[in-house]
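What follows is calculated from the coordinates using simple rules that are stated; it is not laboratory data. Since we're looking at a predicted model, the values are computed, not measured. Methodologically, a virtual Cβ is constructed for each residue, glycine included, from the backbone with ideal geometry; neighbour enumeration extends over all protein chains shown.
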Amino acid sequence: MKRALHITSSARGAQSYSRGLSAAIIKKLTDRKEIGMVTERDLTRMPPPFLDEKLIGEFYKPADAISDEGRHLLHYADAIFSEIDAADIIVISTPMHNLGISAPLKAWLDQLVRVGLTYRFNEDGSRTGCFQNKKVYLAIASGGRQAFWPDGHEFIESYVKAVLGAYTGITDVSTYRVEGTAMGMPEIDYGAILQNL
Ligand SMILES: Cc1cc2nc3c(=O)[nH]c(=O)nc-3n(C[C@H](O)[C@H](O)[C@H](O)COP(=O)(O)O)c2cc1C
């Protein structure tokens with residue numbers, strides 16, 4: 001059985017629809033014995049630190065040049081790298097906030113992406129992502145509905161796919177959505193949303 005990492009990023013705890021959707025994905029994969037062990041990372045309980053000048057400096061040092069202080073600063077980034085490295089399937093949930101991903105999820109991505117670790121430069125200047133054979137399920141909850149937004153206003157799936165593809169090598173991303181949560185929703189049928197999973 002495969003190993004899964006479940007990343008949640010809504011501040012609304014048990015009320016969260018994105019969390020409900022990603023939990024339903026985890027349950028479905030578990031029920032059909034596709035995944036066994038699941039590592040949980042709730043980005044709102046232990047928020048990722050924002051990048052600062054010192055940490056950015058450490059990101060660009062070769063491993064043998066990192067001091068003890070640097071290792072301490074890299075503690076969070078190293079921990080989330082190990083988690084994603086160990087996972088075959090990564091389930092990520094996010095609320096839509098101001099058309100984009102949640103702030104903690106953005107901070108997590110900023111801690112994850114590292115030259116020499118999640119991607120490297122080739123001799124011609126192009127990039128190669130370092131992860132292979134990983135699958136991402138992306139669960140998005142939004143107050144409105146995509147059908148009502150102007151063309152070109154999809155910034156969550158497109159952004160997550162672009163960052164993971166360019167800077168980690170993960171290109172297999174399937175997206176599921178709960179839409180219209182601000183419009184007085186009846187009980188959500190997560191099973192129906194996930195029927196093609
Ligand atoms: C600060 C904030 C910004 C939001 N921005 C948007 C938005 O741009 N578009 C939208 O459709 N809904 C927006 N919403 C509504 C949320 O996407 C909606 O409540 C969704 O259910 C949040 O996910 P959650 O239930 O997992 O917390 C926003 C909500 C908050 C609190």
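For region 47-197, compute the orientation-averaged projected area of the C-alpha convex hull (one quarter of its surface), in nm².
Mean shadow area of the hull around the Cα atoms is 11.3 nm².
For a quick protection proxy, order the peptides 7-20, 122-135 by their average other-Cβ count within 10 Å, most packed first.
7-20, 122-135
Who wins for biggest fluctuation among M37, M96, M185 in a Gaussian network model of the chain, springs between alpha carbons below 10 Å?
In this elastic network of the chain, the residue with the biggest mean-square fluctuation among M37, M96, M185 is M185.
Could you check what % of the DSSP bridge pairs in region 104-197 are antiparallel, to the nearest 5?
About 25 percent, rounded to the nearest 5.
Based on alpha-carbon centroids, what's the gap between region 29-95 and region 150-197 in Å, whole number please?
22 Å
Using θ = phi - 60° and the Karplus relation 6.51 cos²θ - 1.76 cosθ + 1.60, list the HN-Hα couplings for region 83-94 in order, rounded to whole Hz, with x at every Gly or Pro.
After applying 6.51 cos²θ - 1.76 cosθ + 1.60, I find 5, 6, 4, 7, 8, 8, 10, 10, 10, 10, 10, 8 Hz.
How much of the pair distance distribution for region 1-103 lies past 25 Å, counting alpha-carbon pairs only, in percent?
34 percent
Please name which of L43, M185, V173 has its Cα lying farthest along the dipole of the chain towards the positive end, using unit charges on Cβ (Lys, Arg +1; Asp, Glu -1) and the Cα centre as origin.
Comparing the listed Cα positions along the dipole, M185 ranks first.
Any chance you could give the angle, 0 to 90 degrees and rounded to 10, that helix 157-167 forms with the longest Cα principal axis of the chain?
It is inclined by approximately 20 degrees.
What is the magnitude of the charge dipole of region 1-145 about its Cα centre, with +1 placed on the Cβ of each Lys and Arg, -1 on the Cβ of each Asp and Glu, and no other charges, expressed in debye to the nearest 20?
Taking the Cα centre of region 1-145 as origin, the dipole is about 880 debye.
Residue farthest toward the positive end of the dipole of the chain, with Cβ of Lys/Arg at +1 and Asp/Glu at -1: which of G13, A162, A77?
The one lying farthest along the dipole's positive direction is G13.
Compare the Cα positions of F131, L197, I90 along the charge dipole of the chain (+1 at Cβ of Lys, Arg; -1 at Cβ of Asp, Glu; about the Cα centre) and return the one farthest towards the positive end.
Looking along the dipole axis, the top candidate is L197.
Which of the lysines could a cross-linker bridge to K2, judged by Cα under 30 Å and excluding same-chain residues fewer than eight apart?
Straight-line reach from K2, under 30 Å: K27, K28, K33, K106, K134, K135, K161.
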